[in-house]
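In what follows, a single structure is set out as structure tokens and then discussed.
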Amino acid sequence: SLKTSLLKWRPDFDNAAEEYNKAATCFRNAKSLDQCRDCLMKSADCHRQNRALFHAAKCLDQAILICKEMNNLGDIRKLAERACNLYQQHGSPESGATVLDKAAKILEQTHPEDALQLYKQAVDVVTIEDSTRQGAEYASKVARIMVKLGMYDQAADAIRREIGLHQQVGSEGAIGRLAVALVLVQLARGDYVAAEKAFKEW
């Protein structure tokens, strides 16, 4: 499909992508996960060459799940970022944020720093799109991982950002809960003045 000739100037990326997809399914059924992932990557590349960006992103999305199955977690962040980028170019930022979220969940226990970066990107993607409620949800995950990693200064900033997002949608109950979290984080930082200020402010 990808060979050119005198009468066929352009490779048939559409057909090639389809064939790679079929091969990926066969390899998956045969439990040859390495080859399955490689075929998905090749299919994604063919779709991208054909400007079928949504389909390219879907292939990378599937490759993430195969990497999880193989316990090859090192490639997941990069694949998620590439898939998100393709979804955004296609005009589907929600799908982009979803793939970042899904990958971050896979990485959270073993690679918390990578998960943190993916959640941060998800916040940015959805807030650009004005999806404030979804942004607050991802911001909450950012703050949670920062606390877990002992990054209290950044966690305090992340909680403030989350409070700001909840203020935009008028979610008073969430703001009260976050105020308590902010006080606790300021205490963990050893900043009693900031803790008292947070307590009075919210």
Original post:
Summing -39500 (n - 2.57) over the DSSP H runs of n ≥ 4 in the chain and dividing by its residue number, what mean residue ellipticity at 222 nm do you reach, to the nearest 500 deg cm²/dmol?
Top reply: -26500 deg cm²/dmol
Original post:
Over segment 77-146, what is the relative contact order in whole percent, taking alpha-carbon pairs under 8 Å and six or more residues apart?
Top reply: 27
Original post:
Too long at a 30 Å Cα-Cα cut-off: which of K68/K141; K58/K148; K120/K197; K148/K197?
Top reply: K58/K148
Subject >> Rel. contact order, % - alpha carbon contacts under 8 angstrom, at least six apart, the chain >> reply: 10
Subject >> Per-selection Kirkwood Rh - segment 103-199 (Cα, Å, 1 d.p.) >> reply: 13.5
**OP:** Would you mind working out the magnitude of the charge dipole of segment 150-201 relative to its Cα centre, with +1 at each Lys and Arg C-beta and -1 at each Asp and Glu C-beta, to the nearest 20 Debye?
**Re:** 40
**OP:** Please get the size of the charge dipole for the chain, origin at its Cα centre, with Cβ charges of +1 on Lys and Arg and -1 on Asp and Glu, quoted in debye to the nearest 20.
**Re:** 420
Original post:
Which order, highest average first, do 53-60, 73-80 follow once you tally other Cβ atoms within 10 Å for each residue and take the mean per peptide?
Top reply: 53-60, 73-80
Original post:
Given a Förster radius of 45 Å and the C-beta distance between N72 and E196 as r, what FRET efficiency does 1/(1 + (r/R0)^6) yield to the nearest 0.05?
Top reply: 0.40
**OP:** Tell me which label goes with the value of Kirkwood radius over Cα pairs in Å computed from the coordinates here: (i) 17.3; (ii) 18.1; (iii) 18.8.
**Re:** (iii)
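None of the figures in this text is laboratory data; all of them are computed from the coordinates on show. Keep in mind that this is a model prediction, so the values were computed, not measured. Every residue, glycine as well, gets a Cβ built from its backbone with ideal geometry; the counts of neighbours run over all protein chains shown.
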